[in-house]
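Report on the following structure.
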Amino acid sequence: MTSSILAAGSVAPEQAIAPQHILDLLPGLVAYFGADLRYLYANQTYARWRGVTPDRIVGRYVREIVGHRNYPVIAEQLRRAFAGETITYEYHIFDDDDQRLVQGSYVPDMDPSGRVTGVIVLVTEISRRTDLEMEIARSEAMFAEAFENAPFGRAIVSPDGHIVRVNPKFAAMLERSAEQLIGASISEITHPDDYEADLRQLKQILRGNSDGYSLEKRYVRPDGSIFHARIEVSAVRNDSGRVTCFFAHAEDITQQREAERHLKEMNARLSLISDAVRGGSWHMDVASGTFETSQQLAQFVAGPDTKPYDLDGFSAHILPEDRAKADLSELIEGKRDRSSVEYRLQTASGVHWMRCDRRLLRDEHGRPEKLVGVTIDLTEEHERRIRAELEATTDPLTGLLNRRGLEQRLGTLPPDLPCGVMLVDLDGFKQVNDTLGHDAGDAILVEVAARLRQSVRHDDLVARIGGDEFAIVLVGTDVTKLEALAGRTVTAMQPRFAACGDSGPSVGASVGAAWSATPFVTQRQVMTRADRALYQAKAAGRGTWRLAA
């Protein structure tokens with residue numbers, strides 16, 4: 001692993017920048033933790049996921065960024081990674097009331113002696129829950145918890161500049177106890193060269209010219225040492241508008257500044273992150289048309305010992321019906337700077353659904369120069385989505401369409417398509433449930449579904465739309481075929497059902513049918529007419545069918 005780091009540091013500048021672009025393209029969080037568990041690198045995805053830009057993360061402890069709720073979940077995995085073990089696992093990450101199901105991958109970074117000097121981290125979202133409606137409690141108890149457990153320094157300051165309250169983090173930053181800080185003036189802990197700027201901003205708030213400010217300043221510890229902080233101060237006013245206190249939020253950025261000096265070196269090391277991705281990357285030179293996948297992507301496609309693919313070789317593994325989605329023309333021509341597509345990829349382990357995020361890099365004149373892409377396996381996510389869609393439109397007992405599924409399928413039919421609709425309602429079904437129980441009733445519903453399937457064509461729609469009510473939509477039929485099917489359906493329900501036995505209640509069916517060839521009559525209107533016909537069949541003594549006029 002170390003040799004690859006050294007080799008990556010010797011590439012030309014225009015080549016060395018590619019890993020950085022690739023890391024920022026990744027849809028997951030990418031970071032590098034030093035041996036002291038501080039962030040030495042974070043990619044741009046942190047800004048999208050957590051609302052904190054990388055420059056405000058680098059240099060801070062992992063526990064500060066992930067928060068007290070998430071840290072216990074990852075602590076043991078980090079310990080194993082720093083012991084030299086490559087880790088991949090799934091867990092939930094929490095942001096306030098929101099949570100994501102993610103996959104975490106930790107790759108140890110070792111020096112030539114085999115000592116772990118840091119850990120490369122990749123966190124990718126497997127599925128994301130829909131946003132929960134947030135109920136913000138204003139009680140003192142919840143405020144106190146948020147104040148005390150915040151991963152940043154927080155303080156409440158009186159209008160005359162004296163500290164009223166601090167959280168443990170702020171006290172630790174100043175290497176003093178909370179008791180020592182309460183009552184102290186901010187002038188006692190602020191570097192003399194920075195105090196006037198801070199005081200001017202406070203006076204502006206007291207005069208009513210602003211409600212808050214942010215700045216960078218230096219604090220002084222009891223031993224005379226200095227640390228840099230970024231602070232945000234906001235005023236708390238009473239009903240009359242008078243300032244009752246100031247609320248200060250402080251972040252120690254000392255380590256961040258030190259870490260920034262090492263970012264150039266980290267670019268080479270972070271190219272190792274591709275080892276933790278299920279999939280891989282590729283790049284293309286626009287001028288020459290040269291395309292090459294990463295070794296990892298080639299091995300994902302065809303297994304170990306596979307050499308990187310060129311464009312034709314890789315494209316051959318994309319399923320033919322999906323190749324148009326993977327077309328790069330608009331990027332090559334400079335019409336778009338980035339895009340994301342999904343397609344199916346034939347690999348040695350089977351067909352996988354992949355998401356490919358592509359980005360165009362331009363030269364100093366704005367002309368297309370290179371394309372870079374990251375291709376990630378999302379097969380499990382895709383299969384979960386398909387299962388969820390199927391469950392939402394299918395009756396779990398009979399396997400037929402449910403009412404929602406039927407409405408969706410009707411919505412895909414041309415509005416001027418002639419169609420026939422039959423509504424089937426079971427006669428005597430309630431007596432089965434009352435005398436033989438619901439298990440027998442369920443068995444009858446399953447058998448009814450099977451008989452209906454046998455009566456219709458492949459393209460016709462069959463659905464269970466209520467407890468013992470079914471619907472059949474005959475696509476592109478005529479009234480003669482509709483009448484014939486209505487009669488067959490009544491007849492098909494006459495044989496005794498196995499669940500009723502020889503002496504149990506008899507179950508039959510009444511059918512209401514309607515047909516229309518008029519382009520201006522929608523399938524829903526035909527359904528309404530069929531419902532009226534069903535009532536007529538019931539009124540006629542059941543076990544019969546009626547066609548709507």
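Under a cut-off of 19 Å between alpha-carbon atoms, report the aspartates and glutamates in cross-link reach of Lys430, not counting same-chain residues fewer than 8 places apart.
Once the sequence-local aspartates and glutamates are set aside, what remains near Lys430 is Asp439, Asp442, Glu447, Asp468, Glu469, Asp502.
How far is it, in nm, from the label point at His21 to the one at Arg79 when both lie 7 Å from their Cα along the line to the Cβ?
Inter-label distance under the simple model: 4.3 nm.
For helix 379-393, what angle does its Cα long axis make with the longest principal axis of the chain, in degrees from 0 to 90 and rounded to 10?
40 degrees
If I take R0 = 56 Å and measure r between the Cβ atoms of Asp96 and Thr480 in this structure, what FRET efficiency does the formula 1/(1 + (r/R0)^6) give, to the nearest 0.05?
0.30
Provide the FRET efficiency to the nearest 0.05 for the Gln431-Arg385 pair, computing r from the beta carbons and using R0 = 25 Å.
Taking R0 as 25 Å, the efficiency between Gln431 and Arg385 is 0.05.
Cross-link partners among lysines for Lys217, C-alpha distance below 25 Å, same-chain residues fewer than 8 apart left out?
Within the straight-line limit of under 25 Å, Lys217 reaches these lysines: Lys169, Lys203.
Relative to the first principal axis of the alpha-carbon coordinates of the chain, what is the inclination of helix 523-539, with its axis defined by its Cα atoms, in degrees from 0 to 90 and to the nearest 10?
50 degrees
Stretch Leu413-Arg176 to full length: gain in nm at 0.36 nm per residue minus the Cα-Cα span?
78.0 nm
Calculate, in nm to one decimal, what Lys307 and Ile226 gain on full extension: separation in residues at 0.36 nm each, minus their alpha carbon distance.
23.8 nm
Quick one: angle between helix 13-25 and the longest Cα principal axis of the chain, in degrees between 0 and 90, rounded to 10, please.
Helix 13-25 sits roughly 50 degrees off the main axis of the chain.
I need the calculated FRET efficiency for the pair Ser349 and Arg63, taking r as the beta carbon distance and R₀ as 45 Å, to the nearest 0.05.
Once rounded, the FRET efficiency stands at 0.75.
For the chain, what is the calculated [θ] at 222 nm in deg cm²/dmol (nearest 500), taking -39500 (n - 2.57) for each run of four or more DSSP H residues and dividing by its residue count?
-10500 deg cm²/dmol
What is the list of residues in the stretch 421-439 whose amide nitrogen lies under 16 Å from a point 7 angstrom out from the Cα of Thr518, following Cα to Cβ?
421
Suppose each label sits 7 Å from its Cα in the direction of the beta carbon; what would the Leu397-Glu469 distance come out to in nanometres?
The answer from the label model is 1.5 nm.
What distance in nm lies between label points placed 7 Å from Cα along the C-beta direction at Leu215 and Tyr535?
For Leu215 paired with Tyr535, the spin-label model returns 7.8 nm.
Mind jotting down the distance between the C-alpha centroids of the stretch 38-55 and the stretch 395-419, whole Å?
46 Å
Taken together, the values in this text are just the output of simple stated rules run on the coordinates, not laboratory data. Just so you know, these numbers come straight off a predicted model, no measurement behind them. Cβ sites come from the backbone with ideal geometry, for glycine too, and all protein chains shown count toward neighbours.
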